[in-house]
Every structure is written in C-alpha cells, then in structure tokens.
Amino acid sequence: MNSIVTERFVDCHNVLKSTGKVKSSRQFALSLDFQPQSLNDILKGKRDVTIELLRKASEVYDINPDYVLLGKGEMISSYSDKMVLVTDNDDNERIVYVPVAAQAGYGNNLSEQTFFQELPTFSLPDYRYKQGTHRCFDVTGDSMEPTLYSGDKVVCSFIDPLDWNHAIKDHFVYIIITRGDVVVKRVVNKLKESQCLELFSDNDYYDPYILEGGDIVEIWYVSTKISPFLPSPSNLRNSIHGEMDSLKTDLKKQSELIQNLNSTIEMLIKQSRGRI
C-alpha cells in the first residue's frame, strides 16, 4: 500500500492537471526526466514516490515539499510569494505600469528584479488598491472596442494560479500573460473541465479562440479603465472591416446567382436538344 507521502504527491499531480499546468501525466513525467510507466505505477498506488522525483517536481512545478512530507501549507507554493514587487520608502507596494514597449518582454522577465524596477510606478488613493498586488497595462488595437480603445490603460488585480479555477469569472475582462504575449480579452473559464480558457473580443470582427492553461503564466482581473479626457474617435479600421464583410457577402450572393444562371442555361440547352 502506498504511503501518505505518495498520496499527497498524487494529489499535487492532479491539481497541476486540473489547472492546466501539465497537459498529461506523460508530459509531467518526461518534463522531470522520469519514466511515464513508473509515474503511472505511483499514480495507481503500486509504488511510492522517490525523493529525487519529489525534488525535481518541487523545482519545476513548485510542489510544496512541506505539504507532501509533513502535510503543512498549500499543495503548490504560492506564485505570489515569488513575484517581483516594487515598494516605496515606507514599504507600501506600488502599482507597476507596463507600457506597450515593455509588454513584448514581460512574460520572460517575471522574476527579473531589474526589469520591474526600471518600469514606471504609481499609487491610487482608493482603498481597493491598498490590498493585494496591482499592475497597469496599456491597451493596443481595436479588438475590445467599444469597451476599451487603443491608448486606454487598465489597472488590474493579480489572481494567484491556485485560484484560477474558481476566481476567473465567465464574461469578465482579464489581462492574460503568456511567455510571448499580453492580451486583454473577455474570458470563459474552462480550466476545470478542459484545462483551457476561451477568449472573446468585444469587437465582433474578431473570432474567439482557445488558450491552453499550460501556456498561461499570469492572469490579471481588469478592475479600472483610465481613458484620455476626450473620447476616442471611431476607429477607421472598424468601418473598413465592415465594408470588407459587406463586399464579401455581395460577392458570395453574385457568385450564387451566376451558378444558378449557369444551371438554368444548361437545363434549357438540354431541353432544346431533346426537342430536336
């Protein structure tokens, strides 16, 4: 019979799968240089977890060894414990502003103190910004119009990965961070059942798409929008997109009419030949 330590390790493995941090048990094993069949034996209770496997899992996936060995603390070490925070002289946390120019490298610099210290920071007087960690991101493009326009800024609250399953609410707007991108989208949370998020734009021209949970490194809830004093003008691209869609529809209808006309002509020719 497997030990309580192994049972806790299996629980951690299951949490990583349910949150999309690992796509499969096989991928989990290979990422730790462990034989998938041997891991399968551990998951089925046929053998106990090894100290070396636990050590690697702690390094790669932040599995909390205190939880596995002693039953203390969270299963997975809190992501927020490793975040780079910027504070003032009184040790009050500042809101880090991530402009467009810094967004390209953001996902690859999450643990780089220098990267964040070089970014602008500010504070807001509202009480809600005195608790938790907050960041401000620039909005680019027209995919979230008319809710958000290019040039707007959004102030966001950090969501710990351990809370993604229940804290990410359907149809709310979030900043989603991957290693190579920063996007702002409306979200449908499918992490529990499918290990993914479905991302939607408010601009109907853009189609929704699926983002695998394993590709996500951070999620921020959009709580405040900062816009220019003058309202943004209607984006010219929207009218162009609309005209293109209308033109496509007209061309499709004309193509169908031509096909119908050709079919009618062929039928008349056949009937004419039949009378000769």
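The values are calculated or read from the model by the stated rules, or taken from the named source; none is laboratory data. Computed from a prediction, not measured in an experiment: that's the story for all the values here. Positions of Cβ are backbone-derived with ideal geometry, glycine not excepted, and every protein chain shown enters the neighbour counts.
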query: Under the condition of being within 28 Å of the chain's Cα centre (by Cα) and among the aliphatic types (A, V, I, L, M), which residue from segment 55-74 is surrounded by the fewest Cβ atoms within 10 Å (Cβ to Cβ)?
result: V60
message: Just checking, does segment 117-128 include any residue being assigned to a loop (DSSP other than H, G, I, E, B), closer than 30 Å to T6 by Cα and at pLDDT below 90?
response: no
- request: Would you confirm whether any residue within segment 75-87 is more than 30 Å from L124 (Cβ to Cβ) and either buried (at least 18 other Cβ atoms within 10 Å of the Cβ) or in the same structural domain as R128 (by TED's automatic domain parsing) (or both)?
  value: yes
Enumeration of residues in segment 171-228 that are over 19 Å from M144 (Cα atoms) and part of a loop (DSSP other than H, G, I, E, B): R179, G180, Q195
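Would you point out the residue of segment 141-170, among those that are of a type in the set (D, E, K, R) and in a loop (DSSP other than H, G, I, E, B), that is farthest from D207 (Cα to Cα)?
Going through the qualifying residues, I end up with D160.
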- prompt: In segment 97-148, what count of residues is obtained for those that are among the β-branched types (V, I, T) and farther than 14 Å from V86 by Cβ?
  reply: 4
- prompt: In this structure, is S123 hydroxyl-bearing (S, T, Y) and closer than 23 Å to D215 by Cα?
  reply: no
